[in-house]
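Participant: Got a structure for you, questions after.
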Amino acid sequence: MTPEQQILLLSTLVQLEKLARHSETPAELSFVIVNESLRLTNYRQAIFWRKAAGGKIIIEAVSGADSPDTHSPFFLCTKNIVKNFLSKPESRSIFVFTEKEATEKSRSEWKEYFPEFALWCPLISPGGEMEGGILFFRESLWDKAETALLERLADAYAHSWRALKRKSRFSVQTLFGKTVLQKRVLQAISFFLFVLLMRMPVRISVLAPAEIVPLHFFVVSAPADGVIRRFHTEPGQAVKAGQLLFDLDDAAARNAYEVSKKSLGVIQAEYMRAAQKAFSDEKSRENMLLLKAQIEQKSAESEYMAAMLKRTNICAEQAGIAVFGNVSDWLGKPVMTGEKIMTIADPGSVEAEIYLPVSDAVSLEGGADVLIFLNVGPNRPFSAKLRQADYEARLTPEGILAFRVKASLLQEGHPPRIGLRGAAKIYGEKVTLFYYLMRRPLSALRRYFGI
C-alpha cells in the first residue's frame, strides 16, 4: 500500500468518525454504519444489530434496504448467527468467520443469503458494555490493515451510539435534582401536588349503549288468535289513519261466518213455514216463539262472525311510522290475541332509551345531563336530560343485566330517526379524581373478594 493510499484511508476514517459524531438520531447513525462504511472497506452487505433488554437481538439497519421486513427468513437467520457468536469468548473482539463456524441451522441458509466470508465487528462502549455490532459479508478475506481500521471505526460508532442513547433517555436525576436536599424538596412538592390532584373534583360519567325510540306511539296487537298472512306496509314506512297494515289468515273466520249465515237462513225458513201453518195449526203457533228466539241467537252469532272476519284486516288508528321487525319473520307465524305486532310512532316525538349495565351503575337523578353519540354521526352529539331511570335491573337482548334509562332530547329542529343506535354518556354527581380513577378497580376487587 502506497503512502498516498494510507493517507486516503486515514482521511476516510476521520470523515466517517465525524459523520458518526454529527448524527442526531439513532436512525441517522444506523444509516452511516451500514452504508457509509463502504468508503473505508469493500463489502457486499453490512448488518447493524444491537442488544435490547432481556438479551433480545434487534436488527437496526441493513445496507441498501430502507425498511426491511424484520420477520423474513433472512432476518431470522441473521439473528441466529448473532446469538451463536455472542455466546463465545471471542465475541468482544473483531474476527473473520465462515459458515463452518455457524450453527447447523444457519449453515443450511448461509449460501442462500450471504457470501463466503463474514467479519464480526462488535461495538464496545467506553464503559466496556457491548452495545451491539456489525456483520460485514463479502467474497474475499479481510487483511490485518482493514480489520485494524474497522476496529478503530467501530470504537467511534459505539461511542456515538452510546451518546445518542443517553440523549434520548429520560433523566430522572435531571427531574429530581442532584443533591439529597433538592431531591427531598422536589419529592415533597410532587407528593403534595399529587394529593391535590387526586382531590380535584370531577364530574363522574358513564358510557352505555343507546337507541332512539318513539316517545308517543300506539301499539298494534293481534285482535284474535290466527296466522299472519300478509303485510301491506314495510318497516319504517309512513302510514295514514285507517290505512290497512296487515291481515290474518281469514279461512277459519270466513268459514265460520258462512256456516252461521246458512244456519240463520235455515231457521228463518222454518219460521216462515211455521207462520203459514199458524192460522190452522195450534202447534205451529207455539213453535213460532221458539224459532224466533233461535233466529235472534243465530243473527247474533252471524254478526259476531262477521265482526271477527272484519277484524282479520288490521288498520292504523293514527298516522305515523310503522315500527316492527323483519316482514319475513312474521309471515306464517301464529299469534295470540293481544300479542304485539308493531307500533305506530310519531316520528317528530322521540327520546333516547339507554341500558346502563349494573357494573357501571352510578347515582342518577332526574334532569342529569346526557350526551347521545349516534353511530351515523359520532362527531355531532345530541344533548339530552335524564327523564326516567328504572329501579330494577333487567336482562337486555344481549344477556347483560342493566337498568333502563330514558332521556329527553333537547335539540330543536329535525329529530334523529327512530331506530338509530349509538352510545350515551351520562353525567352524575361530582366526585374526587381519585374515586373517578379507582372506581372500577375497587369495584372489581370488591366482587373478587365477595365484600
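Participant: Out of all the residues in region 280-291, is one or more in contact (Cβ under 8 Å) with a residue 24 or more places away in the chain, surrounded by 15 or more Cβ atoms within 10 Å (Cβ to Cβ) and within 18 Å of Ala224 (Cβ to Cβ)?
Facilitator: no
Participant: Quick one: is Ala210 of a type outside the set (Ser, Thr, Tyr), over 30 Å from Ile400 (Cα atoms) and out of contact with any Pro (no Cβ under 8 Å at 6 or more places or on another chain)?
Facilitator: no
Participant: Moving to a separate point now. Can you name the residue in region 11-25 that is polar (S, T, N, Q) and in a helix (DSSP H, G or I) and is also farthest from Leu164 (Cα to Cα) among such residues?
Facilitator: Among residues in region 11-25 that are polar (S, T, N, Q) and in a helix (DSSP H, G or I), the one farthest from Leu164 (Cα to Cα) is Ser11.
Participant: Among (1) modelled with pLDDT of 90 or more; (2) closer than 21 Å to Lys165 by Cα, there is one condition Asn42 misses while meeting the rest; what is its number?
Facilitator: For Asn42, the exception is condition (2).
Participant: Could I ask something else about it? Give the residues of region 40-55 that are farther than 16 Å from Ser91 by Cα and among the charged types (D, E, K, R), sorted by residue number.
Facilitator: Result: Arg44, single match.
Participant: Restricting attention to strands (runs of 3 or more DSSP E) lying wholly within region 304-418, give those where 2 or more residues are farther than 27 Å from Thr233 by Cβ and touching a residue at least 24 places away in the same chain (Cβ under 8 Å).
Facilitator: Qualifying strands (runs of 3 or more DSSP E): 350-357, 369-374, 382-389, 401-409.
Participant: For region 22-34, indicate whether the set of residues that are surrounded by 13 or more Cβ atoms within 10 Å (Cβ to Cβ), under 37 Å from the mean Cα position of the chain (by Cα) and without any contact (Cβ under 8 Å) to a residue 40 or more places away in the chain is non-empty.
Facilitator: no
Participant: Check Glu365 against each of (1) touching a Leu at 6+ places or on another chain (Cβ under 9 Å); (2) surrounded by 13 or more Cβ atoms within 10 Å (Cβ to Cβ); (3) outside the structural domain of Pro223 (by TED's automatic domain parsing) and name the one condition it does not meet.
Facilitator: (2)
Participant: Does Leu395 meet the test of being more than 26 Å from Ile321 (Cα to Cα), out of contact with any Lys or Arg (no Cβ under 9 Å at 6 or more places or on another chain) and aliphatic (A, V, I, L, M)?
Facilitator: When the stated conditions are applied, Leu395 passes them.
Participant: Suppose the filter is surrounded by 18 or more Cβ atoms within 10 Å (Cβ to Cβ) and not in a loop (DSSP other than H, G, I, E, B); does Ile58 pass it?
Facilitator: No; evaluated as a whole, the condition is false for this residue.
Participant: Continuing with this model, one more query. With Leu141, Leu135 as the choices, which residue is assigned to a strand (DSSP E or B), assigned by TED's automatic domain parsing to the domain that holds Arg39, modelled with pLDDT of 90 or more and under 22 Å from Glu36 (Cα atoms)?
Facilitator: Leu135
Participant: Checking Arg404 against (1) surrounded by 15 or more Cβ atoms within 10 Å (Cβ to Cβ); (2) modelled with pLDDT under 90, only one condition comes out false. Which one?
Facilitator: (2)
Participant: When you scan region 43-50, do you find a residue that is surrounded by 13 or more Cβ atoms within 10 Å (Cβ to Cβ), more than 42 Å from the chain's Cα centre (by Cα), not small (Gly, Ala, Ser) and not in a loop (DSSP other than H, G, I, E, B), even just one?
Facilitator: Scanning region 43-50 turns up at least one residue that is surrounded by 13 or more Cβ atoms within 10 Å (Cβ to Cβ), more than 42 Å from the chain's Cα centre (by Cα), not small (Gly, Ala, Ser) and not in a loop (DSSP other than H, G, I, E, B).
The values are calculated or read from the model by the stated rules, or taken from the named source; none is laboratory data. Because the structure is predicted, anything quoted here is derived from the model rather than measured. No Cβ is skipped: glycine too gets one built from the backbone with ideal geometry, and neighbour counts run over all protein chains shown.
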